[in-house]
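A.B. asks: Below: one structure in structure tokens.
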Amino acid sequence: MNIILLGPPGAGKGTQARLMEDRHGMKQLSTGDMLRAAVAAGTETGRRAKTIMDRGELVPDDVVVGIISDRLGQPDVRGGFILDGFPRNTAQAEALDRMLAGKGLKLDAVIEMKVDDEALVGRITGRYTCAKCGKGYHDRFEIPKAAGVCDVCGGTQFNRRADDNEKTVRDRLFVYNAQTAPLVQYYSGRGVLRTIDGMADIAEVTRQIEDVLKGPQRPI
Ligand code: ADP
Ligand code: ADP
Ligand code: ZN
């Protein structure tokens, strides 16, 4: 199955996408992760993206559309993909439609994860990830079983994102509401939107996503 996880920063897209990869063998395609990898590698794209990401604004459409187009051309996505953080505006959604048509791929569902703004700020300011495997954690909501040791890989180094501070989070939420939220209309008009309660705990959100995946689909 090919799906989009649509939701504001901190909604739980990355957390749920990773769980779906494990359960369904689908590939997570996170433009944020790909851009951060480009920043870390010091590529030309990474250098251009960094200042924009630090401000919480959107990287130019041609950059992210190019990244996703390359990725959708690779054979490992044929078993299904989860788009996480893309598309983020109507121009990107239209570009995605063209890419999918050109590659003979369909979209089975767009899952909108709804979470209150104040909860999002708390989630993002407490977020950190394992430096070795990328597993996400939270200071209060998702704590490693052994303090300071990653549950998945045993790593002991963790990262916090430069843009996960309260000021930038509020700017990112503003950008989300202005530019990304209109995609709810875009996809509901085409009959593929499914909305779930992202305020629930992680396991309950997973159950809601499973229900969507099991339910009837009319791919576009
Ligand atoms: P996104 O990818 O949508 O920006 P993440 O999946 O990184 O969001 O989640 C943001 C933070 O909130 C992480 O620290 C994660 O551990 C935590 N988190 C994710 N889902 C939930 C949930 N349902 N309830 C509480 N905390 C959550
Ligand atoms: P979150 O889900 O926490 O908002 P992401 O990791 O998806 O964070 O994105 C981090 C930053 O990367 C964004 O604030 C933006 O600058 C950039 N970015 C990621 N995906 C896109 C995209 N599809 N279009 C433009 N910019 C993007
Ligand atoms: Zn790890």
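The values are calculated or read from the model by the stated rules, or taken from the named source; none is laboratory data. Just so it is clear, the structure is predicted and the values come from calculations on it, not from any experiment. All Cβ positions, even for glycine, are placed from backbone atoms using ideal geometry, and neighbour counts span all protein chains on display.
A.B. asks: I need the full set of residues from the stretch 136-153 which are touching a strand residue (DSSP E or B) at 6+ places or on another chain (Cβ under 9 Å), more than 9 Å from ligand 1 (Cβ to nearest atom) and either under 19 Å from G32 (Cβ atoms) or not aliphatic (A, V, I, L, M) (or both), in order please.
C.D. replies: Within the stretch 136-153, P144, G148, C150, D151, C153 qualify.
A.B. asks: Kindly evaluate R48 against the criterion of being assigned to a helix (DSSP H, G or I), surrounded by fewer than 20 Cβ atoms within 10 Å (Cβ to Cβ), within 12 Å of ligand 2 (Cβ to nearest atom) and free of Cβ contacts under 8 Å to residues at least 40 places away in the same chain.
C.D. replies: Yes, satisfied.
A.B. asks: Among the residues of the stretch 161-179, is any small (G, A, S), outside any loop (DSSP other than H, G, I, E, B), more than 16 Å from ligand 3 (Cβ to nearest atom) and surrounded by fewer than 18 Cβ atoms within 10 Å (Cβ to Cβ)?
C.D. replies: Checking the stretch 161-179: at least one residue is small (G, A, S), outside any loop (DSSP other than H, G, I, E, B), more than 16 Å from ligand 3 (Cβ to nearest atom) and surrounded by fewer than 18 Cβ atoms within 10 Å (Cβ to Cβ).
A.B. asks: Against the conditions (1) within 16 Å of ligand 3 (Cβ to nearest atom); (2) more than 23 Å from I202 (Cα to Cα); (3) not aliphatic (A, V, I, L, M), where does H138 fall short? Just the number, please.
C.D. replies: With (1) within 16 Å of ligand 3 (Cβ to nearest atom); (2) more than 23 Å from I202 (Cα to Cα); (3) not aliphatic (A, V, I, L, M) applied to H138, the lone miss is (2).
A.B. asks: For E21, indicate whether it is surrounded by fewer than 18 Cβ atoms within 10 Å (Cβ to Cβ) and either more than 16 Å from ligand 3 (Cβ to nearest atom) or not in a helix (DSSP H, G or I) (or both).
C.D. replies: no
A.B. asks: Has the stretch 58-69 got at least one residue that is within 16 Å of ligand 1 (Cβ to nearest atom) and either within 19 Å of M1 (Cβ to Cβ) or acidic (D, E) (or both)?
C.D. replies: No: zero hits.
A.B. asks: Sort through D62, D84, D70 and tell me the only one that's surrounded by fewer than 20 Cβ atoms within 10 Å (Cβ to Cβ) and under 18 Å from the mean Cα position of the chain (by Cα).
C.D. replies: When all the criteria are applied, what remains is D70.
A.B. asks: Exactly one of (1) within 16 Å of ligand 2 (Cβ to nearest atom); (2) in contact (Cβ under 8 Å) with a residue 24 or more places away in the chain is unmet by F158. Its number?
C.D. replies: (1)
A.B. asks: Considering only residues that are more than 10 Å from V39 (Cβ to Cβ) and in contact (Cβ under 8 Å) with a residue 24 or more places away in the chain, which ones fall in the stretch 51-62?
C.D. replies: Of everything in the stretch 51-62, those that are more than 10 Å from V39 (Cβ to Cβ) and in contact (Cβ under 8 Å) with a residue 24 or more places away in the chain turn out to be R55, G56, E57, L58, V59, D61.
A.B. asks: When you go through C133, C150 one by one, which is the residue that is surrounded by 15 or more Cβ atoms within 10 Å (Cβ to Cβ), over 18 Å from G10 (Cα atoms) and without any contact (Cβ under 8 Å) to a residue 24 or more places away in the chain?
C.D. replies: The match here is C150.
A.B. asks: Taking M113, is it modelled with pLDDT of 95 or more and not in a helix (DSSP H, G or I)?
C.D. replies: For M113, the condition - modelled with pLDDT of 95 or more and not in a helix (DSSP H, G or I) - is met.
A.B. asks: I'm told L120 meets every condition in (1) within 12 Å of ligand 2 (Cβ to nearest atom); (2) more than 30 Å from D211 (Cβ to Cβ) except one. Can you identify the failing condition by its number?
C.D. replies: (2)
A.B. asks: Let me ask something else about it. Kindly indicate which of D76, D22 is in contact with a strand residue (DSSP E or B) (Cβ under 7 Å, 6 or more places away or on another chain) and more than 10 Å from ligand 2 (Cβ to nearest atom).
C.D. replies: The match here is D76.
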